[in-house]
Amino acid sequence: MAKTADTATGFHGDKLYQERARLALPILIRQAKAGQTVSYEDLAAELGMPNPRNLNYPLGCIGDELNRLSKKWRNEIPHIQALVVSKGTSVPGKGFDPFLKDRGKVWKTPVERKAILKTYIAEIANYPYWDEVLSELGLKSAASKIDDIIDKAMSLGGGEGPEHKALKEYVRSHPECVGLPAGSCKGSAEAALPSGDSIDVLFDRKDRIVAVEVKPAATPIHDVTRGLFQCVKYRAVLQARADFEGDPRQIAIFLVLGGGLPKALFALRNSLGVVVFEQVG
């Protein structure tokens with residue numbers, strides 16, 4: 001089977017993978033500026049693609065075009081498609097390897113590969129000319145018209161209703177619903193933070209700290225938006241406390257929804273780097 005890097009060529013054609021590549025590149029540049037990776041599943045959802053496996057050709061097409069542009073500019077442009085990662089490993093799949101090797105990256109073990117990719121992803125985030133790339137290719141920045149939703153999210157939230165309490169108790173008693181091993185200890189409810197906030201559910205484990213913000217199925221879209229931003233805040237506060245205390249444990253923040261994430265918020269979720277569990281309970 002031919003590698004994606006060899007077959008997905010041409011950026012400005014009318015093939016479906018080329019059209020998707022032109023839609024995906026501004027999204028990836030938005031992610032790079034935000035310093036966030038994005039999972040194959042979440043990028044596919046934002047692009048309206050039912051199967052994330054079909055991203056191989058659009059991403060390969062982007063890589064091929066960046067190679068062409070690097071030669072034209074005589075300046076190496078990092079392969080931004082490395083930002084699209086597996087949820088399980090937090091690095092791109094093996095289909096990206098030809099592009100990595102093309103840039104002289106060599107490894108012998110999976111651990112070495114992951115370390116190289118982590119460094120490379122940081123290089124992508126620090127690349128200062130992504131706007132020039134967009135301009136050269138005749139593309140516009142990724143836009144998401146949800147200013148009115150974000151404005152409404154700034155208003156004070158309502159009190160805790162019975163649906164919220166029930167979902168919070170369900171999550172607290174079922175750690176597996178946020179990916180923790182079956183049989184894990186129950187979490188704590190309304191865990192206090194040094195900022196004066198409280199987290200709906202906190203799993204304080206030996207190997208990691210997992211914080212969960214909960215929104216029931218009937219939550220309006222502006223309150224779900226608030227939940228996404230709350231996750232960013234909680235992540236920053238927990239990480240700051242861990243850094244101060246010298247706590248090396250991994251910190252994870254999740255948003256749990258009793259319903260589904262509104263499509264209008266896909267871009268915001270991806271840009272903020274928040275993992276969302278949907279249809280829980």
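The values are calculated or read from the model by the stated rules, or taken from the named source; none is laboratory data. In this text the structure is predicted, and so the values were computed from the model without any measurement. In this analysis, Cβ positions are derived from the backbone assuming ideal geometry, glycine residues included, and neighbour counts consider all displayed protein chains.
Is it fair to say L43 is touching a strand residue (DSSP E or B) at 6+ places or on another chain (Cβ under 7 Å), farther than 15 Å from L117 by Cβ and assigned to a helix (DSSP H, G or I)?
Considered against the rule, which asks whether it is touching a strand residue (DSSP E or B) at 6+ places or on another chain (Cβ under 7 Å), farther than 15 Å from L117 by Cβ and assigned to a helix (DSSP H, G or I), L43 comes out as yes.
So which residues in region 208-243 are surrounded by 14 or more Cβ atoms within 10 Å (Cβ to Cβ), without any contact (Cβ under 8 Å) to a residue 40 or more places away in the chain and not basic (K, R), if there are any at all?
P220, G227, Q230, Q239, A242
Does A122 satisfy the criteria of being under 18 Å from V276 (Cβ atoms), without any contact (Cβ under 8 Å) to a residue 12 or more places away in the chain and part of a helix (DSSP H, G or I)?
The answer is no for A122.
Kindly provide the set of residues from region 92-117 that are among the charged types (D, E, K, R), under 18 Å from E76 (Cα atoms) and part of a helix (DSSP H, G or I), ordered by number.
D97, K101, D102
In region 166-175, is there at least one residue being without any contact (Cβ under 8 Å) to a residue 12 or more places away in the chain, surrounded by 15 or more Cβ atoms within 10 Å (Cβ to Cβ) and not charged (D, E, K, R)?
There is at least one residue in region 166-175 that is without any contact (Cβ under 8 Å) to a residue 12 or more places away in the chain, surrounded by 15 or more Cβ atoms within 10 Å (Cβ to Cβ) and not charged (D, E, K, R).
Return the total of residues in region 225-281 being assigned to a loop (DSSP other than H, G, I, E, B) and closer than 20 Å to Q36 by Cβ.
Of the residues in that region, 5 qualify.
Within region 2-25, take every residue that is of a type in the set (G, A, S) and part of a loop (DSSP other than H, G, I, E, B) and give me the one that is modelled with the lowest pLDDT.
A2
Condition test on V178, is it at negative phi, among the β-branched types (V, I, T) and at pLDDT 95 or above?
Judged against the criteria, V178 is a match.
Report yes if some residue within region 101-113 is β-branched (V, I, T), surrounded by 14 or more Cβ atoms within 10 Å (Cβ to Cβ) and not assigned by TED's automatic domain parsing to the domain that holds A252; otherwise report no.
no
From R249, R205, which residue is surrounded by fewer than 17 Cβ atoms within 10 Å (Cβ to Cβ), in contact with a Cys (Cβ under 8 Å, 6 or more places away or on another chain) and either modelled with pLDDT of 95 or more or more than 30 Å from K145 (Cα to Cα) (or both)?
Checking each option against the conditions leaves just R205.
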